[in-house]
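Trainee: Here's a structure for you.
The values are calculated or read from the model by the stated rules, or taken from the named source; none is laboratory data. These numbers were taken from a predicted model, which means no experiment stands behind them. Cβ: placed from backbone, ideal geometry, glycine included. Neighbour counts: every protein chain shown.
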Amino acid sequence: MLKRINLEHILFLDIETVPQNPEFKELDETGKLLWELKTQYQRKEEYTPEEFYDRAGIWAEFGKIVCISVGYFKMKGDIRNFRVTSFHGEEENILKEFKVLLETHFNKPQHLLCAHNGKEFDFPYIARRMIILGIDIPFKLDLFGKKPWEVPHLDTLELWKFGDYKTFTSLKLMAHVLGIPSPKDDIDGSQVRSVFYEEKDIDRIIIYCEKDTVTVAQILLRLRNEAILDEDEILSV
């Protein structure tokens, strides 16, 4: 039962990713060919491999993580607050710092990771990038040998499906139907590449990532039929 989970045992997170290179032409010849083969089904005949490259951040083999935002609840009696922080900079450092957080503060059996579409995107993406960069995967992301009920992951998209696997519901749509305020100044996910490479505005990406992390927590509260967070309960640390 979702209500039985102690909110303080959950680490909420969101990641932002971009293509490894600013432009398709910067890939070597093998990389270009492999990108063409990897995306031929998605592209069909509508886009050339080069035209499609701005979406390379979606795939861990061709993308990289530029921000991981995390949030967690702190409860004291009837008082609660939600603390949000972000890791950014060089990808290897982002992943190492995130790993330290998991292994020092969220390493107990009762601890869970929670993201929207996390089981399909965030969690495997982080694990793949760690392997690529030679970083040992922390226990909370290593699923080898685990039975489904032993996986320490919550996914608000999966929870919303209630067993229905036919459709995808975006974070923004879920927030809207559940009456969760959605900030009007968000950038769109498709803009992260240009904001990172062209505008070089990592602060804007961090704000966007942290707001999504807060929204994931708000959605879980609504799924538990609990009051959502007020602005004064959300702290940036």
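Trainee: Among the residues of segment 40-61, is there at least one that is within 29 Å of V100 (Cβ to Cβ), among the hydrophobic types (A, V, I, L, M, F, W, C), touching a Pro at 6+ places or on another chain (Cβ under 7 Å) and not assigned by TED's automatic domain parsing to the domain that holds D230?
Mentor: Checked against the condition, which is being within 29 Å of V100 (Cβ to Cβ), among the hydrophobic types (A, V, I, L, M, F, W, C), touching a Pro at 6+ places or on another chain (Cβ under 7 Å) and not assigned by TED's automatic domain parsing to the domain that holds D230, segment 40-61 yields at least one hit.
Trainee: Please indicate, with yes or no, whether at least one residue in segment 134-153 is in contact with a strand residue (DSSP E or B) (Cβ under 8 Å, 6 or more places away or on another chain), outside any helix (DSSP H, G or I) and surrounded by 12 or more Cβ atoms within 10 Å (Cβ to Cβ).
Mentor: Scanning segment 134-153, I find at least one residue that is in contact with a strand residue (DSSP E or B) (Cβ under 8 Å, 6 or more places away or on another chain), outside any helix (DSSP H, G or I) and surrounded by 12 or more Cβ atoms within 10 Å (Cβ to Cβ), so the answer is yes.
Trainee: Okay, next question. Given the conditions (1) in the same structural domain as K119 (by TED's automatic domain parsing); (2) in contact (Cβ under 8 Å) with a residue 60 or more places away in the chain; (3) outside any strand (DSSP E or B), and given that F82 satisfies all but one, which numbered condition is not satisfied?
Mentor: All conditions are met except number (3).
Trainee: Starting from residues that are within 29 Å of S86 (Cβ to Cβ) and of a type in the set (S, T, Y), keep the ones in segment 10-65 and report whichever is surrounded by the fewest Cβ atoms within 10 Å (Cβ to Cβ).
Mentor: Applying the filter and picking the extreme gives Y53.
Trainee: I've got another one for you. Under 7 Å between Cβ atoms, at least 6 apart or on separate chains: pull out the pairs that start in segment 139-162 with a residue that is farther than 25 Å from V100 by Cα and end on any residue that is surrounded by 18 or more Cβ atoms within 10 Å (Cβ to Cβ) and among the aliphatic types (A, V, I, L, M).
Mentor: What qualifies is W160/M174.
Trainee: Test each condition in (1) in contact with a helix residue (DSSP H, G or I) (Cβ under 7 Å, 6 or more places away or on another chain); (2) under 19 Å from V84 (Cβ atoms); (3) outside any loop (DSSP other than H, G, I, E, B) for C209 and report the one that comes out false.
Mentor: Unmet condition: (1).
Trainee: Here are Y53, Y72, Y41, Y47: which of them is within 21 Å of P124 (Cβ to Cβ) and among the aromatic types (F, W, Y)?
Mentor: Y41
Trainee: Right, next: Yes or no: segment 79-97 includes at least one residue that is closer than 23 Å to I131 by Cα, surrounded by 14 or more Cβ atoms within 10 Å (Cβ to Cβ), among the aliphatic types (A, V, I, L, M) and within 21 Å of the chain's Cα centre (by Cα).
Mentor: Yes: one or more hits.
Trainee: Return the only residue of K38, K25, K3, K32 being closer than 30 Å to A227 by Cβ and among the basic types (K, R).
Mentor: None of the others qualify; the one that does is K3.
Trainee: Answer yes or no as to whether T213 is touching an Asp or Glu at 6+ places or on another chain (Cβ under 8 Å) and β-branched (V, I, T).
Mentor: It is true that T213 is touching an Asp or Glu at 6+ places or on another chain (Cβ under 8 Å) and β-branched (V, I, T).
Trainee: Could you say whether any residue in segment 184-206 is small (G, A, S), in a loop (DSSP other than H, G, I, E, B) and within 25 Å of R83 (Cβ to Cβ)?
Mentor: no
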